[in-house]
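Beneath this line is the structure, given in structure tokens, with notes to follow.
The values are calculated or read from the model by the stated rules, or taken from the named source; none is laboratory data. Predicted model only: the values in this text are computed from it and were never measured. We place every Cβ from the backbone using ideal geometry, glycine too, and count neighbours over all the protein chains shown. Only protein heavy atoms, including side chains, enter the accessible area calculation; ligands, DNA and RNA are left aside. Shrake-Rupley method; radii C 1.70, N 1.55, O 1.52, S 1.80 Å.
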Amino acid sequence: MYIEWLMKQECPLFQGGGIYWRLYRRALVPAPAFPCYVELGRDEVSKLLNKSGAMFIRYASNPCEEETEWWYVVCDTYNPAQLSSKIRSMINMGKRNCVVRRLDAEWIANNGYECYLNAYNRYKNAKPIEKQVFRDMILHRTEDLFEYWGVFVGDNLAGYSQCIVDNNEVSTSIIKYHPEYLKYYSSYALINTLIEHYVVE
């Protein structure tokens, strides 16, 4: 479904190694929203780079037993009892301090920019997009494929997530936190709710 959505948006896609690829900041990356592992030969890499005009290609090959600098976080089961007491304590504090709820795209488009902008205060060498661009981008993602969640401290949006839901897989494609509210463990409240909803329920 996500690839079909990209096609409908007329996003340039390139085929190679058995998957579709898309451009992201002058790099060629796998188009699927979920982790996929690809093996590419030099010839196939050259063809993809020539076709796309990308400066380089980024992908993960088959997973290995050794620890590397590149990793995905995948959660397919969840048992809070297996968490450390410190993490359980931070989740509980987040639940006490915050409320997490599902939001529609229009609400995020109209109310999420301040949180998005403040999240950029923590990033180095990153420039936020303009408010109207932010709004338009969210409003182009209103299909059932995209689900939005917000974490609130009182009436204030402390963070939000955009999830891509495709069949039995979910990807948290965007997460932004307002730094002012991190002390309330807003990130723990949001992530715990997403895992409980999508993995447990």
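Numbers below:
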item: Selection from segment 26-44 of residues that are aliphatic (A, V, I, L, M) and either touching a Lys or Arg at 6+ places or on another chain (Cβ under 9 Å) or modelled with pLDDT of 95 or more (or both); result: ALA27, LEU28, VAL29, ALA31
item: Flag for CYS75 being of a type outside the set (D, E, K, R), out of contact with any Pro (no Cβ under 7 Å at 6 or more places or on another chain) and within 25 Å of ARG141 (Cα to Cα); result: yes
item: Within segment 102-118, tally of residues that are surrounded by 15 or more Cβ atoms within 10 Å (Cβ to Cβ) and either touching a Ser or Thr at 6+ places or on another chain (Cβ under 9 Å) or small (Gly, Ala, Ser) (or both); result: 3
item: Looking only at segment 104-145, and only at residues there that are touching a residue at least 40 places away in the same chain (Cβ under 8 Å) and over 17 Å from the mean Cα position of the chain (by Cα), the one that is farthest from GLU180 (Cα to Cα); result: TRP107
item: Residue within segment 38-50 that is surrounded by 13 or more Cβ atoms within 10 Å (Cβ to Cβ) and within 24 Å of the chain's Cα centre (by Cα) present; result: yes
item: Qualifying residue in segment 175-185 (condition: in a helix (DSSP H, G or I), within 22 Å of ASN97 (Cβ to Cβ) and in contact with a strand residue (DSSP E or B) (Cβ under 6 Å, 6 or more places away or on another chain)); result: yes
item: Filter result for the condition that a residue is farther than 26 Å from LEU6 by Cα, of a type in the set (Val, Ile, Thr), out of contact with any helix residue (DSSP H, G or I) (no Cβ under 6 Å at 6 or more places or on another chain) and open to solvent by less than 70 Å² (accessible area, probe 1.4 Å), over ILE87, ILE91, ILE129; result: ILE87
